[in-house]
Every structure is written in structure tokens, then in C-alpha cells.
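Okay, here's the structure, questions in a sec.
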Amino acid sequence: MRLTTKFSAFITLLSLLAMILMLVGCAFSFIWLSQQRVETRMQTLATEVDKALASQSPQEITQWLTRMMPVVNAEQVQLLNGDTLVFSLARHENPMLEDEPNRFVQFDLPLTHSPGLELRVVVLDPAKTLFRSFTGTYTLVVLFTVVAIMCVLLVMTNRWLKRRWRDMEQLEARADRILTGERHSQGDHAAEWPPKASRAIDALLGDLQEAGEQRLRIDTLIRTFAAQDPRTGLNNRLFFDNQLATLLEDQEDVGTHGVVMMVRLPDLDMLHETLGPTLVEEYLFDLINMLSTFVLRYPGALLARYFRSDFAVLLPHRTLKEANSIADQLINAVDSLPPMRMVDRDDLIHIGISAWRSGQSVSQVMENVEMATRRATLQGGNSWSVGEGNTLDMGRGSVRWRTLLENTLNRGGPRLYQKPAVLLDGKVHHRELLTRVFDGDKEVVSAEFMPLVLQLGMTDSWDRQLVARIAALSEMWPDETLALPVNIDSLLQRPFQRWLQKLLLQCSKSQRKRFLFELAEADVCQHISRLVPVFHMLTAFGCRIAVVQAGLTVVSSAYIKQFPIEVIKLAPGLVRNIERRTENQLFVQSLLEVCKSSPTQVFAAGVRTRAEWQTLSGLGVSGGQGDLFAPSLPVNSNVKKHSQRYRI
């Protein structure tokens with residue numbers, strides 16, 4: 001339609017110009033031909049007079065010359081011999097010659113056969129007379145009026161067409177943006193043309209945006225259904241057991257350990273009839289708020305409602321000493337709760353504590369912590385108890401941790417391991433780089449020491465050294481995409497961003513395209529507004545972005561539409577035994593639906609069994625990562641082995 005409109009306007013302009021040119025040409029031709037006709041007649045008249053003077057006297061030719069004057073439209077004829085007038089003939093009086101509306105032309109024609117004689121003829125110019133007459137003036141006025149109207153119409157049409165072209169181009173530009181993936185209606189599109197098509201697109205985009213928001217709400221509800229307790233908003237028992245089982249399996253084989261605490265509160269549901277549901281719910285909210293305040297101070301800690309009034313706390317990579325400190329703080333915090341009738345604050349909370357190590361089963365750990373909780377309840381009053389068989393592990397204090405981490409930095413940084421992420425066809429999509437610290441006896445995984453790096457304020461120097469090492473490593477692996485685990489705290493700092501820009505400027509364009517920055521989903525959603533310029537900087541350099549631990553927390557998936565995320569990795573706890581967990585399968589399907597309108601790929605992390613992989617591939621994930629494909633290997637192993645193709 002755009003081409004048709006432009007072509008029609010072009011043809012209209014050419015037609016109007018042709019009409020004006022034809023009109024001007026006709027007028028010019030009329031004037032010129034009239035002039036030529038008069039000149040031809042005068043030459044003929046002079047020739048006849050010259051012939052007649054050869055045989056007749058001047059007085060004799062005046063008779064037929066008088067009769068010829070109306071024929072040639074001559075108003076006055078004079079025969080001159082030098083300055084002497086021989087005769088003069090006129091059709092009208094002299095005032096007629098001075099009439100303004102009439103226009104006359106004088107011809108002085110020498111006679112060839114009569115030397116010295118000259119014939120002067122005054123002829124009425126029909127063209128000029130017509131143009132100056134009333135009829136001619138009226139005709140010209142009408143003609144010029146028509147031409148002026150046509151010019152005005154042409155200008156108005158041209159301006160209208162320009163506006164339509166501009167409005168059509170705006171509509172076409174918006175259509176191009178929609179085809180490239182934009183789904184948000186931004187700004188006022190009232191100037192787009194055709195207006196009905198613009199309004200139809202706005203309506204469809206509005207419906208699509210509403211459907212997308214509804215889908216995000218459903219995705220959040222599915223996450224909530226799979227992981228949260230509907231009454232308290234905490235994690236549910238199934239999610240807690242799943243996370244604990246994932247840690248107990250110890251896929252990295254580094255001796256994972258931690259502590260489980262069970263907090264038993266009085267059964268407040270029995271007080272509904274006495275105190276009313278409102279007061280009971282408010283008091284329960286105060287208790288849950290107290291638990292969350294103390295427990296969630298520790299990175300990686302998980303608080304869940306385990307059964308009725310029992311709340312379980314998972315503290316991975318923590319010691320009994322830290323758990324005992326938390327228990328003491330919780331018991332002391334009971335005094336800050338508001339008083340409640342029929343509730344004894346001196347016998348309100350009972351805590352059981354049990355340590356666990358990799359290789360145990362979930363049932364063993366929970367039985368131990370249950371026995372400790374019962375023992376604390378039997379002791380009476382607010383108390384806590386440690387399960388049998390648990391030795392008090394002092395762990396490392398902050399001073400020992402600082403010494404270990406500073407020595408690691410001085411020695412060149414932590415040990416690097418790589419774990420491939422494999423596509424459905426067996427090709428390696430990227431390699432995730434993992435860090436471990438050697439403490440002299442064993443290797444410590446990043447999940448254990450990174451909270452201490454944050455606590456001691458070493459994230460900036462830690463991430464700078466790690467990113468610089470991985471950038472140098474990318475030169476050794478020119479065909480591999482490397483995933484960089486960067487901490488969100490350092491990435492949001494301006495000094496680190498400026499340092500990262502300088503480092504990326506020193507890397508080649510092909511090298512930057514192989515950098516995949518990994519961030520946790522919970523951190524991305526928490527700092528979503530502050531990450532906008534950071535992600536813009538990374539994508540401007542050609543780097544790619546991945547989100548890990550998807551599904552570990554209940555957050556909205558709206559960030560997928562806002563940021564150019566290339567890869568989303570499902571949390572290992574979500575992948576574990578997914579063939580038997582329909583709620584987790586439903587969550588994966590919902591996440592894949594959200595990613596359909598974007599180039600984001602969904603990968604599964606922590607895949608252990610073929611049954612899990614078959615279920616995930618059937619749901620539509622793009623790739624996987626875990627011990628099923630390849631274990632973690634040191635990066636100093638044979639580089640040639642890294643280019644192999646994996647059988648899946």
C-alpha cells in the first residue's frame with residue numbers, strides 16, 4: 001500500500017505538470033501563430049501594393065485598398081515617400097486607435113519595386129486585444145483561478161500524502177520492532193496510518209501483554225505451589241527434603257556437611273476458638289518473622305514449615321557451634337514477642353539440632369533432629385538440644401577463614417574446575433568454571449567459602465582475580481564458551497565495572513563473545529533495576545548472560561522479557577527425581593512457555609540419572625549439565641579432551 005500511494009502521488013504530480021505545460025504551450029502557440037499570421041498578411045499586402053503601383057497611381061489603389069483593409073484587419077494604411085505622406089486611409093476615427101482595451105501593431109514595409117516608398121500599416125493585434133478585453137480578462141482570471149486551485153490542491157495533497165507516508169512508516173517501523181521481538185506498546189501511536197490497523201495492533205499488543213502478565217502470575221503461582229507452604233509463605237516440607245537430599249548426595253564429592261535445626265512451637269490452632277483466628281494468625285506471623293530474621297542472615301540457609309508447628313532450618317556448610325549460637329539467639333528473642341493470653345513465653349520454643357554429612361539419608365538426618373527436638377521439649381522451658389552422636393565441630397573462625405582466603409589470593413587464586421553443559425545433540429554449549437579452595441587437608445567448594453568472602457569484604461579482589469584468570473584461559477581454549485561465576489555485590493560496584501570495561505577492551509571481539517556471565521536468579525530479581533546498565537554494558541561488549549539456580553526461590557519470571565538472557569539453568573534440587581515430581585515438571589513447562597517468545601534457552605543443572613534427563617528432554621529443555629554427562633575436572637587437565645562430543 002505504501003508503494004501504491006507513492007506511485008499515485010507521483011502520477012498525479014506529473015499529470016498536473018503536464019496539464020500546466022500544455023496550457024502554457026497552447027497560449028504561447030496562440031500568440032505566436034497570431035503574430036505570424038498578421039506578419040504574413042502584411043507582407044502579402046505590401047507585395048500587392050508594390051505591384052499595383054507599377055501600373056496605377058497612388059490615388060487609384062486607394063479604392064481597392066479601402067476594401068482590403070477589413071479583410072486584413074488593418075485600422076490604418078499610409079504610403080510614405082521619405083517623410084512625405086502620399087495618402088492615408090483609416091477605418092475608424094483616431095480616438096479608436098487610442099482606446100486602451102485595443103492593442104495595435106505597426107508595420108513599416110518598404111516596397112521593393114518602388115524605391116523610396118514605404119507602406120505603414122497599423123493592424124489590430126487579435127491576441128493582445130483578446131487578453132486585454134473583458135472576455136479575455138475574464139477567461140484569464142478563470143484560467144488562473146483554476147490553475148491556482150489546482151496548485152493549492154496539489155500542495156494540500158502533497159502534504160497529506162507526506163503525512164500519510166510518515167504515519168505509514170511509523171506503523172511499518174513498529175511492525176518491524178514487533179517482528180524482532182518487541183511486545184510492549186510504548187508511546188502514543190495515534191498518528192499512525194491507517195488508524196484502524198494501528199488501533200488493532202494496540203489492542204492485540206494489549207491483549208498479548210495482559211496474557212503475558214497472566215502467564216507470569218501463573219508461573220509464580222506454580223513456583224509457590226511447588227515450593228511454598230500456603231499458610232506461612234515459607235518453604236514446604238517437600239522442598240526442604242528435596243534440597244537436603246541434593247546436598248547429601250554430594251555430586252562434587254567434596255565432603256558436603258551442614259546442620260539441620262527443628263524449631264517446635266506450641267500448636268496455636270487449638271487456641272482458635274478461645275482467642276479467635278485473628279489474634280492467633282497475628283501471633284503466628286510474629287513468630288515466623290522472628291525465625292526468618294535470625295535464620296536468613298546466613299547465606300544459603302533454608303527455612304521451611306515441616307509439620308504443623310514444626311519449622312525446619314537447613315544450614316549447609318555450617319557447624320554445630322554456629323547452630324548453637326543461632327539457637328541461643330532465638331531463645332533470647334522470645335522475650336521480645338508481645339504477650340499473649342494462654343501462651344507461656346517461658347515454655348514456647350524448643351529447638352533440636354543435628355549435624356549431617358554427605359552419604360547420609362534424609363530420613364536418618366530428620367530422625368536425629370526429631371529426637372533432639374523431643375529431648376528439648378522434655379527438658380521443659382525454652383531450650384535446645386543437640387542430637388546424639390554429634391561431636392562439637394569448632395569449624396573455622398573468621399580469623400582462620402580470612403587467613404585461608406588471603407593466602408589463596410596471594411597464591412594466585414582458587415583452583416579452577418570445569419563442567420560442560422551439553423546440548424541435546426551432544427555438543428558442548430559452554431563450560432562452567434567452578435572454584436575450590438585447598439585448606440591443606442581437603443578442597444572446599446565455593447558454596448562453603450563464598451559466604452565468608454562476602455562477609456569479610458573480599459568480593460571485589462576475589463572476582464577481579466577470577467575474571468582475569470578466566471580471560472587468560474579463554475585464549476588457550478579459542479573454541480570454548482566459558483561461564484564466569486561473578487558475585488552480584490562486586491558487579492554492582494562502579495570501580496569493578498570500570499575495571500571490567502578496561503579488561504573487556506583488551507580482549508578481542510571473538511573472545512568477548514565466548515564470555516558467559518552467570519548470576520543467581522534470586523540476585524537478578526532482587527537488583528533488577530540496578531542491573532539494567534550493567535547488562536547493557538555487557539551486551540554492548542558482546543558478552544552473554546546466564547541465570548542459574550532457577551526455581552530455588554519464588555520470584556517472577558518477568559526478568560526474562562526485560563533482559564537479554566541467553567541461558568537459564570534449573571536448580572539441581574528442582575531437577576532431582578523430576579520424573580516423580582509432577583509439580584516440578586509443571587514448573588519447567590511454565591518456564592519454557594515464558595521463554596518461547598525470547599531467545600532464552602533452558603538448561604538443567606545437576607542431572608544424575610537417565611530418567612531425569614529423559615523427562616527433561618521430553619519437556620523441552622535445550623541442554624543439561626551434571627554427572628550424567630561429565631564430572632567436574634580440573635582445568636589443567638588435557639585440553640584436547642575438552643572438545644569431545646558427549647553421548648546422551
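From (1) of a type in the set (D, E, K, R); (2) within 30 Å of Gln614 (Cβ to Cβ); (3) surrounded by fewer than 13 Cβ atoms within 10 Å (Cβ to Cβ), pick out the condition that doesn't hold for Glu388.
Glu388 satisfies all of (1) of a type in the set (D, E, K, R); (2) within 30 Å of Gln614 (Cβ to Cβ); (3) surrounded by fewer than 13 Cβ atoms within 10 Å (Cβ to Cβ) except (2).
Does Leu296 fit the bill of being under 46 Å from the mean Cα position of the chain (by Cα), surrounded by fewer than 16 Cβ atoms within 10 Å (Cβ to Cβ) and without any contact (Cβ under 8 Å) to a residue 40 or more places away in the chain?
In short, yes.
Tell me the residue from Ala173, Ala245, Ala226 that is without any contact (Cβ under 8 Å) to a residue 24 or more places away in the chain and either among the hydrophobic types (A, V, I, L, M, F, W, C) or over 30 Å from Leu13 (Cα atoms) (or both), please.
Ala173
When the residues of the range 498-529 are narrowed to those that are more than 23 Å from Glu432 (Cβ to Cβ) and of a type in the set (S, T, N, Q), which ends up modelled with the lowest pLDDT?
Only one residue tops the list, namely Ser529.
Would a scan of the range 212-227 turn up a residue that is farther than 30 Å from Lys442 by Cα, among the basic types (Lys, Arg) and in the same structural domain as Ser325 (by TED's automatic domain parsing)?
No, there is no match, as no residue in the range 212-227 is farther than 30 Å from Lys442 by Cα, among the basic types (Lys, Arg) and in the same structural domain as Ser325 (by TED's automatic domain parsing).
Let me ask you something else. Being under 19 Å from Trp384 (Cβ atoms) and not polar (S, T, N, Q) narrows it down to one residue among Asp286, Asp335, Asp269; which is it?
Asp335
Just to confirm my filter: which helices (runs of 4 or more DSSP H) fall fully inside the range 272-385 and include at least 1 residues that are modelled with pLDDT of 85 or more and among the basic types (Lys, Arg)?
Because the criterion is at least 1 residues that are modelled with pLDDT of 85 or more and among the basic types (Lys, Arg), the helices (runs of 4 or more DSSP H) in the range 272-385 that meet it are 320-333, 362-379.
With the requirement that a residue be in a strand (DSSP E or B) and over 17 Å from Arg305 (Cα atoms), what does the range 235-271 give you?
His257, Gly258
Which one of these is assigned by TED's automatic domain parsing to the domain that holds Phe587, surrounded by fewer than 20 Cβ atoms within 10 Å (Cβ to Cβ) and in contact (Cβ under 8 Å) with a residue 24 or more places away in the chain: Lys509, Lys502?
Just one listed residue meets the conditions, Lys509.
Also, I was wondering about something else. Quick one: count up the residues across the range 160-174 that are exposed (fewer than 15 other Cβ atoms within 10 Å of the Cβ) and modelled with pLDDT of 80 or more.
4
The values are calculated or read from the model by the stated rules, or taken from the named source; none is laboratory data. These numbers come from a predicted model, not from an experiment. Reconstructed Cβ throughout: ideal geometry from the backbone, glycine too, with neighbour counts over all protein chains shown.
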